[in-house]
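Throughout, read-outs are computed from the coordinates displayed, never taken from laboratory work. Not measured: the values here are computed from a predicted model. Every residue, glycine among them, receives a Cβ derived from its backbone with ideal geometry; neighbour counts consider all protein chains shown.
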Amino acid sequence: MPKRILSGKVVKKSSDKTVSVLVTRQTTHPIYKKIIRVSKKYLAHDADNSIAVGENVKIQETKPLSKNKSWEIIK
């Protein structure tokens, strides 16, 4: 099964080798049929600490690296 790839914007450098990525997607409301934006934050692994706040990145699913971190940054 292929790993999921999402794209989003870095909003916070949490700690060493960890960044918080905000992923926004559009979905349709089930009753009102209006298109709404839904966003979610993911903790991602940044191996070389090279990503800055505000950059657009792609993240890929990986094995769990900590309690909440199971994504890594790909370029």
| Filtering region 44-75 down to residues that are acidic (Asp, Glu) and within 14 Å of LEU22 (Cα to Cα), which residue is surrounded by the fewest Cβ atoms within 10 Å (Cβ to Cβ)? | GLU55
| said: I need a count of the residues in region 6-18 that are touching a residue at least 12 places away in the same chain (Cβ under 8 Å) and more than 9 Å from the chain's Cα centre (by Cα). | reply: 7
| query | In region 24-47, what count of residues is obtained for those that are within 20 Å of SER70 (Cα to Cα) and either without any contact (Cβ under 8 Å) to a residue 24 or more places away in the chain or among the hydrophobic types (A, V, I, L, M, F, W, C) (or both)? | reply | 7
| message | I need the full set of residues from region 27-75 which are more than 27 Å from MET1 (Cβ to Cβ) and either among the hydroxyl-bearing types (Ser, Thr, Tyr) or not in a loop (DSSP other than H, G, I, E, B) (or both), in order please. | response | TYR32, ILE35, ILE36, ARG37, SER50
